[in-house]
Structure formats: structure tokens, C-alpha cells
Amino acid sequence: KTRRKDKPAVFKASAPLKAGTPRQLTKVRELDLTDDPVGSMLGRITGASISPAGDRVVLCGYSLSYEAVLPKSAKSFDEIFSQSWNPINLGQRAQGEGVTYAADGLTLIATSEGVPMAVFITRRELK
């Protein structure tokens, strides 16, 4: 299986943030999403969210979606980006564009392009 040469990357801005003030972003790391299709927009990351508890991150693309969990032993939130990215199902979206966690931290809300724009709600239980 051939892989894309460019990997999605995570960047962060240092605090404090101030509206209207440009900030230089620092690269945290590149992500290894192993089933990311080559040369296909299907593998591009189009949305991301951090759970309300700050212990999970979800990424979505046009068709693929992933979630990582911060280990309880982590000393920094940035450690979440070196964890395994587990594929998750956000529904049959025509072209996934955005994702967020609901207030419960388990339910995911995802969108797709189109008119009318569909909203997909995925309720999950953790094991």
C-alpha cells in the first residue's frame, strides 16, 4: 500500500492569546494516520475537536475519522498527539467537514457538505 508523502501536522500557539495580535505557531508533531489514502482528498483532515474533559481528541476528514485518548499518566496535553489514532465511524457523510464533542464528552456531532447540510450524531459508551 502506498502512502501519502505529506502527513497532517498539529500546531499550537503560546499563551496568552490576544485578538488582533499575530502569533507564530509551533509545530507539535506530524500525525501517522496509517490508512490515509494516497493522493486522495479522502484522507485530508477537515475538522478536529478536544473533549470537554481535555482527555480526547477527534479528527475528521472527508470520509475517515480518528480519535486519540490522553493517558492518565500524561504530564502534558501534547502527549495525546503521540498516541494511537483509532478509526471511528461518524456516519455516512457525503463529504465530512467538521466534528465536535457534545457536553457529555462521549457524543460526537459531525457535519457534511451539501444543502440541506446533514448533521450526524454518534452516541457512544466507553468500555
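Residue separation times 0.36 nm, minus the C-alpha to C-alpha distance between Val69 and Phe11: what's the value?
Result: 19.1 nm gained on full extension.
Go through Gly114, Gly98, Leu17 and say which Cα lies farthest out towards the positive end of the charge dipole of the chain; charges sit on Cβ, +1 for Lys and Arg, -1 for Asp and Glu.
My answer, from the dipole projection, is Leu17.
Just to be sure I understand, if you calculate volume of the Cα convex hull per residue in Å³ for this structure, which of (1) 96; (2) 154; (3) 176 do you get?
The value matching this structure is (2).
Could you provide, to the nearest whole Å², the per residue accessible area of the chain with probe 1.4 Å?
Value for the chain: 65 Å² per residue.
Short version: ³J(HN,Hα) in whole Hz for each residue of segment 8-20, in order, from phi by Karplus 6.51 cos²θ - 1.76 cosθ + 1.60 (θ = phi - 60°), x for Gly and Pro, what are they?
x, 10, 10, 10, 9, 9, 7, 7, x, 8, 9, 3, x
Nearest 20 debye, what's the magnitude of the dipole of the chain about its Cα centre given +1 on Lys and Arg Cβ and -1 on Asp and Glu Cβ? Don't jump to the answer; show the numbers that get you there.
On the way: 18 positive and 13 negative charges, 64 e Å.
With only Lys, Arg, Asp and Glu charged at Cβ, the dipole is about 300 debye.
Taking amide H atoms as placed 1.01 Å from N in the peptide plane, list the residues 5 or more away in sequence, or in a different chain, whose amide H sits under 5 Å from that of Gly47.
When sequence neighbours closer than 5 places are left aside, the close amide H contacts are Cys60.
Running a GNM on the chain with Cα contacts under 10 Å, which residue among Arg23, Arg44, Arg93 ends up with the highest mean-square fluctuation?
In this elastic network of the chain, the residue with the biggest mean-square fluctuation among Arg23, Arg44, Arg93 is Arg23.
Taking only Cα atoms and a 10 Å spring cutoff, compute GNM fluctuations for the chain and point out the largest among Ala94, Ala13, Ala74.
In this elastic network of the chain, the residue with the biggest mean-square fluctuation among Ala94, Ala13, Ala74 is Ala13.
Give me, ordered by chain and number, the residues 5 or more places off Ser63 or on other chains with an amide H under 5 Å from its own placed amide H.
Those lying under 5 Å, H to H, from Ser63 are Gly96.
Please find, in a Gaussian network model of the chain (springs between Cα atoms separated by less than 10 Å), the residue of Gly114, Gly47, Gly91 whose mean-square fluctuation is greatest.
So, out of Gly114, Gly47, Gly91, the one fluctuating most is Gly114.
The values are calculated or read from the model by the stated rules, or taken from the named source; none is laboratory data. No experiment lies behind these values; they were computed from the predicted model shown. Using ideal geometry, Cβ is built from the backbone for each residue, glycine included, and neighbour counts are taken over all protein chains shown. These area figures cover heavy atoms from the full protein model, side chains too; ligands, DNA and RNA do not enter into them. Shrake-Rupley method; radii C 1.70, N 1.55, O 1.52, S 1.80 Å.
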